[in-house]
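The values are calculated or read from the model by the stated rules, or taken from the named source; none is laboratory data. For clarity, every value in this text was computed on a predicted model and none was experimentally measured. Cβ: placed from backbone, ideal geometry, glycine included. Neighbour counts: every protein chain shown. Each accessible area value is taken on the protein alone, full model and side chains, heavy atoms only, with ligands, DNA and RNA left out. Shrake-Rupley method; radii C 1.70, N 1.55, O 1.52, S 1.80 Å.
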Amino acid sequence: MNKIIELAKEIRNEINELPEIKEYLKLKTLLESDKELAEMRQNIARLASEHKESERKNLLEIYNSHPLVNNFNIAKEEAYKSLLEIKNELSDK
């Protein structure tokens with residue numbers, strides 16, 4: 001069992017070294033630490049709970065058009081594609 005755990009850790013480390021995964025993790029950290037975007041996320045949630053859908057939709061459009069959010073979403077999709085390829089390779093074995 002230890003050999004399987006060691007192999008899993010090795011695979012995890014190799015995955016973390018993929019450029020698309022590194023980019024995703026970097027952008028995720030930036031996105032989570034951006035105070036302006038955090039405030040927008042809170043306001044979007046507040047507007048949703050207050051059933052102010054039109055205002056929420058407008059703020060969500062502004063949020064999604066932010067360059068950091070846009071780049072993060074692109075990086076997330078690329079990371080997902082890479083992980084899916086790895087999953088498919090491993091399931092074929």
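Taking percent of Cα pairs over 21 Å apart as the quantity of interest, determine which of (i) 50; (ii) 45; (iii) 31 was computed from the displayed structure.
(i)
Kindly write out, for the stretch 52-66 in residue order, the coupling ³J(HN,Hα) from the Karplus curve 6.51 cos²θ - 1.76 cosθ + 1.60 (θ = phi - 60°), rounded to whole Hz, with x marking Gly and Pro.
Going residue by residue, I get 9, 5, 5, 5, 4, 4, 5, 5, 5, 5, 5, 4, 5, 8, 4 Hz, with x marking Gly and Pro.
Suppose all protein chains stay in the model; what accessible area per residue would a 1.4 Å probe give for the stretch 33-90, in Å²?
Each residue of the stretch 33-90 exposes 73 Å² on average to a 1.4 Å probe.
Report, in deg cm²/dmol and to the nearest 500, the calculated mean residue ellipticity at 222 nm for the chain, where each DSSP H run with n ≥ 4 adds -39500 (n - 2.57) and the sum is divided by the residue count.
Details: 5 runs with 84 residues, N = 93.
The per-residue figure over the chain is -30000 deg cm²/dmol.
Give the accessible area for K22 in Å² (nearest 10); use a 1.4 Å probe, count only protein heavy atoms, and leave out ligands, DNA and RNA.
K22 has an accessible surface of roughly 100 Å² with all protein chains in place.
Who wins for biggest fluctuation among E55, E23, E77 in a Gaussian network model of the chain, springs between alpha carbons below 10 Å?
The residue that fluctuates most here is E55.
What is the local net charge at L60, summed over the other residues whose Cβ is closer than 13 Å to its Cβ (Lys, Arg +1; Asp, Glu -1)? If you can, show how the numbers build up before the last one.
Values: positive: R41, R46, K52, R56, K57; negative: E53, E55, E61.
Net charge in that neighbourhood comes out at +2.
Can you compute the label reach from Q42? Point 7 Å from Cα along the Cβ direction, backbone N cut-off under 12 Å, restricted to the stretch 58-75.
In the stretch 58-75, the label zone of Q42 (backbone N under 12 Å from the point 7 Å along Cα→Cβ) covers no residue.
Which length gain, in nm to one decimal place, applies between E32 and D92 when the Cα-Cα distance is subtracted from 0.36 nm times their residue separation?
Length difference between fully extended and current span is 18.0 nm.
On the protein heavy atoms, probe 1.4 angstrom, tell me the percent of accessible surface of the stretch 40-93 carried by carbon and sulfur. All intermediate terms of the calculation are to be shown ahead of the outcome.
Working: 2160 of 4060 Å².
Result for the stretch 40-93: 53 percent of the exposed heavy-atom area is carbon or sulfur.
Working from Cα positions, state the angle (0 to 90°, nearest 10) between the long axis of helix 67-92 and the longest principal axis of the chain.
Taking the Cα atoms of the chain, the angle to 67-92 is about 30 degrees.
Quote the FRET efficiency, to the nearest 0.05, computed for L7 versus S65 with a Förster distance R0 of 30 Å and r equal to the Cβ-Cβ distance.
0.10
Check cross-link reach from K26 to the lysines: straight Cα distance under 17 Å, and skip same-chain residues fewer than eight apart.
K35, K76
Just S82, S54, S65 to compare: in a GNM of the chain, with alpha carbon springs under 10 Å, which one fluctuates most?
Per the Cα network of the chain with a 10 Å cutoff, S54 tops the list.
Between I74, I15, I62, which gets the highest mean-square fluctuation from a Gaussian network model of the chain, Cα cutoff 10 Å?
Ranking I74, I15, I62 by mean-square fluctuation puts I62 first.
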